Amino acid sequence: MANQNKQVYYKSGILKYNDAAGKVLFTLPPDVVILDTKVYVDTAFDDTGTDLVDVGTAGDPDKFANDVDVGATGEATVTRLAHGPQANTRQFDVTGTFTGSNSDAAAGKAFIGMLYATAFLH
C-alpha cells in the first residue's frame, strides 16, 4: 500500500547581491513534489543593468526559476519550471544565483522560498 502520510512544507533562504557564484539556500528531502517557488525582494538589487535571479540545483542552476527580475521590492514574478515530482533518492540542495548584467550591484536582498510536499512517490 502506498504511503498515505503526505505533508506540505515551506523552506526559505536569503540571497544577496554578492551571491553571484551561487549559494545553497536550503536542503530538500528525497522524493519531494515541488508545488511553488516564491521570490520576495526585501532590498532592490541595484546593478546598473538587469538584476536577475535563478533558483535551481548545483547541476542545473535555473531548474526551478530562471531570470527572475529582482530590481524592485516586493514579490517578484516567478515562472515556475521543473515543478512537480523530483525523483531524487537523496536529499538535495536548492541554490540561488544573482546575476547583474554589469556586475556592479552594491545592494540587494531577497527571500527565496519553496513550497513542497513529501511522500508522494512511495
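Listed values, structure above:
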quantity: Mean Cα-pair separation over length for the chain, i.e. relative contact order, pairs under 8 Å, 6 or more apart, %; calculated: 46 percent
quantity: Global form of segment 8-117, assessed from the alpha-carbon gyration tensor, a/c cut-off 1.5; calculated: prolate
quantity: Fewest-first ranking of ILE112, ILE14, using other Cβ atoms within 10 Å as the exposure measure; calculated: ILE14, ILE112
quantity: Unit charges on C-beta of K, R, D, E only; dipole of the chain, Debye; calculated: 600 debye
quantity: For the chain, built as a Gaussian network whose Cα springs stay under 10 Å, the top-fluctuating residue of GLY71, GLY49, GLY96; calculated: GLY49
quantity: Segment ALA58-THR73, length gained on full extension (0.36 nm per residue, minus Cα span); calculated: 2.7 nm
quantity: Positive-end residue of ALA65, THR48, THR99, charge dipole of segment 8-117 with Cβ unit charges; calculated: ALA65
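Each value in this text was obtained by applying a stated rule to the coordinates, not by laboratory testing. Quick caveat: nothing in here was measured; it's all calculated off a predicted structure. For neighbour counting, all protein chains shown are included, and Cβ atoms are generated from backbone atoms with ideal geometry for every residue, glycine included.
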